[in-house]
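Notes follow the structure.
The values are calculated or read from the model by the stated rules, or taken from the named source; none is laboratory data. Quick caveat: nothing in here was measured; it's all calculated off a predicted structure. Cβ coordinates were reconstructed from backbone atoms using ideal geometry, including for glycine residues, and neighbour counts include every protein chain displayed.
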């Protein structure tokens, strides 16, 4: 799943975190109304940075990551329906 997200955002190995983060921000800006938390959850999942709360249990972090991916897929499919 991580590799598919990297491909979706155009992230290549060895890119500096700032560049990678910019690509995620730019891609999310093209979607209709992504939640503000979507960026931080996706970046955490992609190991770009972790600006989320430190005291969140791992199971809850995992759930938030799955929800972020589901939201990304839903918003992307609304913009570019599958043919």
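Can you name the residue in the range 1-28 that is in contact (Cβ under 8 Å) with a residue 40 or more places away in the chain and farther than 16 Å from residue 74 by Cβ and, of all such residues, is surrounded by the most Cβ atoms within 10 Å (Cβ to Cβ)?
6
Would you mention how many residues in the range 34-56 are loosely packed, with under 10 Cβ neighbours inside 10 Å and modelled with pLDDT of 90 or more?
0
What is the one condition in (1) within 11 Å of the chain's Cα centre (by Cα); (2) at pLDDT 85 or above; (3) surrounded by 13 or more Cβ atoms within 10 Å (Cβ to Cβ) that residue 31 does not satisfy?
Only one criterion in (1) within 11 Å of the chain's Cα centre (by Cα); (2) at pLDDT 85 or above; (3) surrounded by 13 or more Cβ atoms within 10 Å (Cβ to Cβ) is unmet by residue 31, namely (1).
Taking the condition touching a residue at least 24 places away in the same chain (Cβ under 8 Å) and either within 12 Å of the chain's Cα centre (by Cα) or more than 23 Å from residue 79 (Cβ to Cβ) (or both), does residue 65 pass?
When the stated conditions are applied, residue 65 passes them.
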